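See structure below.
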Amino acid sequence: MPLSMEHFYPQNPMPGYDDLTGKGLDDFGNLCLISRGMNSKFSNNMPKAKLDNFGLIEEVRNGLSIKLLEMMDVVRQSGDWGETQIKEFEKNSKTRILKALKLPSAVV
């Protein structure tokens, strides 16, 4: 299954939504691996629409990465995914990775 990089908050958001270029758009906290087919279905939908259209269907959720599922869970709990959520998700993810590797936080 070929994978591609997905921007959970889209690079080209729909009219009326903020452009996050330089505000976490290309950061680890906003990126995840996803199948090419699913990436084309996600299109430029906003994170809430991605959750509503794909993240609530168990059969679809079973094919998504753990990271993407966690990102969708943030949207489900907070109702939003923007610069604040991206930065917080990235910080928490890096902490978890370092803890799992048992490395000091100064390494990052």
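Cα gyration tensor of the range 13-56, axes a ≥ b ≥ c as square roots of the eigenvalues: rounded (a/c below 1.5), prolate (a/b > b/c) or oblate?
Judged from the Cα gyration tensor, the range 13-56 comes out oblate (a/c at least 1.5, b/c at or above a/b).
So how much slack lies between ASN44 and SER78, counting 0.36 nm per residue of separation and subtracting their Cα-Cα distance, in nm?
Taking ASN44 through SER78 to full extension adds about 10.2 nm, to one decimal.
Pick from GLU59, GLU70, GLU88: which is most flexible by mean-square fluctuation in a GNM of the chain where alpha carbon atoms under 10 Å apart are linked?
GLU59
Return one whole number: the accessible area per residue of the chain in Å², for a 1.4 Å probe.
Dividing the accessible area of the chain by its residue count gives 62 Å².
Given the -39500 (n - 2.57) contribution per DSSP H run of 4+ residues, what per-residue ellipticity at 222 nm results for the chain, rounded to the nearest 500 deg cm²/dmol?
The per-residue figure over the chain is -12500 deg cm²/dmol.
Rounded to the nearest 10 degrees, what's the angle between the helix 83-101 long axis and the longest principal axis of the chain, both from Cα atoms, 0 to 90?
50 degrees
With the chain treated as a Gaussian network of Cα nodes joined by springs under 10 Å, which of LYS41, LYS87, LYS50 yields the largest mean-square fluctuation?
Highest fluctuation of the listed residues: LYS41.
Leaving out ligands, DNA and RNA, what percent of the accessible area of the chain is carbon and sulfur, probe 1.4 Å?
55 percent
The values are calculated or read from the model by the stated rules, or taken from the named source; none is laboratory data. These numbers were taken from a predicted model, which means no experiment stands behind them. SASA here: full protein model, heavy atoms, side chains in, ligands and nucleic acids out. Shrake-Rupley method; radii C 1.70, N 1.55, O 1.52, S 1.80 Å.
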